[in-house]
Amino acid sequence: MNDKIFFLKDIACGRMAKKRFYGLSKAEKIRLSDELHIMENTHTENYFIDIIAKADEEKNHGEFYMPGSFNCSFLLFCAGATTINPTLIGAPFERLINPITFNAQLLPPFKACREKFSPLPEPESITLDEVIFTRAQHAGLVENRLAETAKKYPPSKQYQFVRAVLTESRGMIVWQEQVIELLRRMGGFSYAEADRLRRDGGKGLWRNDAWYKSVRNIFLPHAVACGYYYDFADRYLRYIFDANMYTSLKAHVAAKVLFE
């Protein structure tokens, strides 16, 4: 590790030690190390140092949450630059800094926000993921067209990957993270590759026959090897990209609806 990576690690660990008596758990240490490793390999240390510095400056003016994919970074959570712990909502770090597509020359569109939503009463048994989805629906942050899109692709109770990924949103694809996770689990793509496909598909490229065929030729053999019926996997790949046009970034929405 270079000096800047050690600097970021010291900030994250030091500030978390002040928040918690027990510091970081073993799983959190692994997550932090993975993020730092990607930062070092992509030479983006200064990018995160700048974010933390700007967040520290903004906090002097009041409470805030970090918009967008910044909420996918556990390091930024440890440093106090975000309000969301991405390990609790399953937000992959590659969603923020994609080793395949990241441009280190782009400056982060940082903006402090004070937007709040009143919390809804929920039963004690409800999970954090369900809380986020319920509050997001109540606040109008879930695109209505997602429900209409889901009706065209009825879910199957047989397939564990789909059920596990979509339980929190009642069987619908609503989050960009779900698109990435389904492409990863069913199609065998890495998080970085899945995020690139999500981005390109969101631009409408999935309607291009040549582009879609190239993805389909990789996705279907892996899905079949995982135990999915060919016809179901073929139909579901189309649903993934169809719904992707209207999905939101869960890490961003969570920061809004959980901010108090």
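A few points about this structure:
- The Cα center of the stretch 149-215 and the Cα center of the stretch 19-95 differ in position by 26 Å.
- Summary of packing: across the peptides 79-91, 133-145, the per-residue average of other C-beta atoms within 10 Å ranks them, highest first, as 79-91, 133-145.
- Residue-wise HN-Hα coupling along the stretch 23-37, computed from phi with Karplus coefficients 6.51, -1.76, 1.60 (Hz; x: Gly, Pro): x, 9, 6, 4, 5, 5, 5, 5, 4, 4, 4, 4, 5, 4, 5
- Virtual spin-label span in nm between Asp50 and Val224, 7 Å along Cα→Cβ: 4.7
- Rg and Dmax of the stretch 128-250, based on Cα coordinates, read 13.7, 40 Å.
- Ranked list, fewest to most other Cβ atoms within 10 Å of each Cβ, for Glu40, Glu193: Glu40, Glu193
- Relative protection proxy for 236-246, 29-39, from highest mean packing down: 236-246, 29-39 (other beta-carbon atoms within 10 angstrom).
- Label separation (Asp3 vs Arg170): 5.6 nm, computed from points 7 Å beyond Cα along the C-beta direction.
- Were the residues from Ala27 through Arg145 laid out at 0.36 nm apart, the gain over their Cα-Cα distance would be 38.8 nm.
- Val165, Val224 arranged by Cβ crowding within 10 Å, fewest neighbours leading: Val224, Val165
- The ranking of Glu58, Glu177 from fewest to most other beta carbons within 10 Å of each one's beta carbon is Glu58, Glu177.
- 3J(HN,Hα) couplings calculated from phi for the stretch 191-205 with the Karplus curve 6.51 cos²θ - 1.76 cosθ + 1.60 (θ = phi - 60°) are, in sequence order, 4, 5, 5, 5, 5, 5, 5, 4, 5, 5, x, x, 7, x, 5 Hz; Gly and Pro show x.
Read the figures in this text as sums done on the coordinates, not as results from a lab. Quantities reported herein were computed from a predicted structural model and do not represent experimental measurements. Note that each Cβ is placed from the backbone with ideal geometry, even for glycine, and that neighbours are counted across all protein chains shown.
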